[in-house]
1. Looking only at the stretch 419-465, filter to residues that are without any contact (Cβ under 8 Å) to a residue 60 or more places away in the chain and open to solvent by less than 10 Å² (accessible area, probe 1.4 Å); which one of those is farthest from LYS537 (Cα to Cα)?
2. If we scan the stretch 404-416, do we find a residue that is within 15 Å of GLU453 (Cβ to Cβ), of a type in the set (Val, Ile, Thr) and part of a helix (DSSP H, G or I)?
3. Just one of (1) among the β-branched types (Val, Ile, Thr); (2) touching a strand residue (DSSP E or B) at 6+ places or on another chain (Cβ under 8 Å); (3) closer than 27 Å to ARG589 by Cα trips up ILE665, so point out which.
4. Can you work out which of the residues in the stretch 332-356 that are under 11 Å from CYS295 (Cα atoms) and open to solvent by less than 60 Å² (accessible area, probe 1.4 Å) is farthest from ligand 2 (Cβ to nearest atom)?
5. Taking the condition of being among the basic types (Lys, Arg) and either closer than 30 Å to LYS28 by Cα or in contact with an Asp or Glu (Cβ under 9 Å, 6 or more places away or on another chain) (or both), how many residues in the stretch 185-244 meet it?
6. Give the residues of the stretch 292-318 that are more than 17 Å from LEU200 (Cα to Cα) and either outside any helix (DSSP H, G or I) or within 16 Å of ligand 1 (Cβ to nearest atom) (or both), sorted by residue number.
7. Checking the condition more than 16 Å from ligand 2 (Cβ to nearest atom) and touching a strand residue (DSSP E or B) at 6+ places or on another chain (Cβ under 7 Å), which residue from VAL283, VAL289 passes?
8. Please go through the stretch 383-403 and give me each residue that is part of a helix (DSSP H, G or I), touching a helix residue (DSSP H, G or I) at 6+ places or on another chain (Cβ under 9 Å) and either modelled with pLDDT under 95 or within 16 Å of ligand 1 (Cβ to nearest atom) (or both), ordered by number.
Amino acid sequence: MRNVLFAPILLFGFWSCSRTQEVRLIPKPVSIEHVNGEFKIDRNAIIYADRADSSLYESASYLVTLLNQKGIGCELKSSVEGNPSVNAILFTRTNCPDSLGTEGYLINVEPNRVTIKANQSAGFFYAAQTIRQLMPPDFEKADFKANSVSIPCLKIVDKPRFAWRGLNLDCCRHFMTKDFVKRYIDLLAYHKMNVLHWHLTEDQGWRIEIKKYPKLTEVGAWRTNADGTVYGGFYTQDDIREVVAYASKRHVMVVPEIEMPGHSVAALAAYPHLSCTGKPLAVETNWGVFKDIYCAGNDSTFLFLQDVLSEVVELFPSPYIHLGGDEAPKYRWENCPKCKARLRKEKLSNYEELQRYFVSRVAKFLETKGKTIIGWDEILEGGRPHNAIIQAWRGMDRAAEALSANAPVIVSPTSHCYFDYPVEVINLEKVYSFNPIPESTDSAKLCLVLGGECNMWTEHAPQETVDSKVFPRMLAIAEVLWTFPKDRNYEEFLNRVRYHYSRLNALGVTFGFEQSAVEFKSTICNDSKAIVIELIKGQDNLEIRYTTNGDEPTAKSLLYRKPITLTQTSTVRAAAFSNGVKVGEVFERSFTISKSIGKPIELGFKPSEKYMGGGLQALVDGRLGTPKYNDGIWQAVQGTDLVATIDLGIDQPIGSFSIGFLQNIPSWIFLPARLDVFISSDNVTFTQIAQLEKPKNLKEEGVLLYRYNAILVNDIRGRYIRFVAHNPGPCPSWHPASGSPTWLFADEVVVE
Ligand code: ACM
Ligand code: ZN
């Protein structure tokens with residue numbers, strides 16, 4: 001998706017002469033002191049770096065190569081060969097303060113000399129990246145040529161907030177070419193990010209060549225879709241060495257993720273004897289969580305994994321190997337004689353502990369190879385496996401749990417860091433508000449927060465769409481992880497982002513939107529008899545047009561000028577237009593006016609932090625859910641009943657009660673088995689007024705929105721209405737995640 005909303009204004013034309021840049025760096029440095037004047041880099045400039053000191057010589061060579069590619073043929077000299085005087089760019093460690101750490105740097109640009117100081121190679125490399133961003137944006141164009149470029153005189157002091165600044169690329173659900181991965185390494189480095197978390201094995205594809213087990217890629221790298229088409233691909237070991245070497249030159253550590261015990265259907269399709277049933281399986285073509293996982297009772301599983309990892313550790317110099325560990329249903333283990341025997345033999349009390357045994361056993365093997373493991377936060381469930389680093393994804397509370405277990409943590413919650421989620425759910429501002437440190441973290445434990453990552457899962461993102469999901473949001477993550485909070489401000493960041501688009505354009509990045517082109521904000525008013533809808537546009541130069549009669553909005557529909565007041569249940573459909581042309585999709589929201597909107601509600605459950613539905617009033621806020629479970633309207637709870645009591649304010653007749661639920665079975669979202677409704681006048685004694693069973697004949701495929709609706713024929717009066725939506729219990733035996741706790745997702749109560 002090419003961004004038409006934010007197409008930047010080209011500030012620089014052809015480079016017949018040099019012009020100095022405004023300084024708008026991303027991520028923002030610790031300090032910038034502006035000084036008058038500029039330094040001109042042309043073919044008379046000499047870059048001095050001590051050849052004997054590879055840590056600075058490499059970054060100096062990198063800069064010279066970059067300049068030479070653009071036609072600015074400056075010279076690289078070892079500083080021992082002469083005393084730099086004018087037109088000099090000097091790389092030096094002399095008098096560099098220790099406080100800059102391993103990645104910090106200083107840049108001092110004067111009219112006739114640039115001095116770059118750092119303690120270690122990463123610092124010199126990041127200084128070179130900053131120099132790039134001091135140049136005109138067009139410098140980044142592949143075909144940019146000039147005789148000279150100028151950079152402004154200034155002093156920069158800089159160092160990062162966190163050591164771990166990563167992007168997780170899922171190259172399994174959709175394959176990405178080697179060149180595309182290398183391009184992302186460049187984009188990471190340009191934004192001072194330093195970890196590529198490379199997700200290489202999945203249910204839907206095994207993407208890394210393992211010499212000892214050729215079927216992993218002969219079979220496991222290819223999936224056959226229902227229409228007979230075959231999709232896949234993999235990286236040879238030579239490809240991987242090439243990518244890792246490329247990354248290493250750019251100070252990006254590549255951490256491979258080899259998933260276990262779950263998300264392993266592709267491996268089991270290649271080698272079925274590694275599963276609990278031993279039955280043949282096909283590489284998965286659906287998205288989800290699947291119950292066939294590596295058998296934990298079978299010693300050949302561990303021998304296989306040790307062989308695989310022995311080849312993996314030779315390819316990746318990173319001291320860390322990510323073992324996944326997320327979303328591993330225990331159903332097969334619970335029904336497998338070998339797994340049961342393992343549980344008894346190892347004196348384990350449940351299957352979460354068996355997963356801990358599994359992960360620890362592999363972690364101990366990897367320790368003999370000098371590697372530490374990382375796992376998703378589920379691996380804490382049976383107790384922290386051997387020396388594991390935790391990657392928290394299900395919420396900040398999981399990061400806090402990791403810290404309680406004294407485990408180092410990489411923080412990447414779905415709330416802020418999942419770039420597969422649409423911008424309607426996680427917009428640029430939301431990402432920028434990410435704080436990787438859990439609330440009330442003890443200062444002694446701060447050092448355990450290594451940093452964070454953004455996750456680019458690709459179920460719904462083929463390679464050609466990845467840019468539009470990662471950018472501009474990765475700019476926010478880069479700054480959150482690099483820049484200290486006291487130096488950050490969203491408005492000011494946004495200003496730099498808008499400027500940075502010209503650099504992204506020059507780099508050929510097809511960035512997406514900052515936020516939804518249209519956002520809805522609703523307020524209940526007029527004593528709960530009306531809802532006022534504000535439509536907020538994603539960019540100033542757009543206009544919004546809308547309908548309330550169900551029609552598709554067109555350039556001729558009503559122009560949004562002021563908030564819309566709804567006095568009856570309605571659907572608002574809105575779209576953004578630029579010069580009469582629709583930009584992006586049509587956004588649709590339905591609102592209901594009923595006796596229950598805006599009334600106090602007491603929840604008898606704790607809504608999931610991930611699916612709050614906008615707050616504790618979500619079930620009576622007048623907003624009806626959409627088919628997307630992460631639309632911010634649905635309120636959800638996992639593994640328990642959904643119970644609440646609404647106070648209607650006064651005793652009154654009640655003619656009907658309904659509540660909407662979502663069903664999305666592959667995502668573990670089920671309808672309640674039963675709904676009980678009660679009424680009371682005093683909030684003490686309740687009388688049951690309805691009992692609704694889940695209908696038997698509902699379809700189970702796809703997404704379904706269903707309302708449990710009780711028409712109350714007898715004269716029923718009351719002030720308090722309580723309902724209990726009964727959780728249907730764990731995912732049934734036929735479900736891929738059999739045995740896992742199910743979700744209930746509710747949107748809105750309607751009382752008439
Ligand atoms: C995850 O998103 N399953 C780590
Ligand atoms: Zn088993």
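The values are calculated or read from the model by the stated rules, or taken from the named source; none is laboratory data. Here the structure is a predicted model, which means the values were calculated and not measured. Please note: Cβ atoms are built from the backbone with ideal geometry, for glycine as well, and neighbour counts cover all protein chains shown. These accessible areas exclude ligands, DNA and RNA; they are computed on the full protein's heavy atoms, side chains included. Shrake-Rupley method; radii C 1.70, N 1.55, O 1.52, S 1.80 Å.
1. Only one residue fits best here, namely PRO438.
2. There is at least one residue in the stretch 404-416 that is within 15 Å of GLU453 (Cβ to Cβ), of a type in the set (Val, Ile, Thr) and part of a helix (DSSP H, G or I).
3. Every listed condition holds for ILE665 apart from (2).
4. My answer is GLN355.
5. Total meeting the criteria: 4.
6. ASP292, CYS295, ALA296, GLY297, ASN298
7. None of the others qualify; the one that does is VAL283.
8. Matches in the stretch 383-403: MET396, ARG398, ALA399, GLU401, ALA402.
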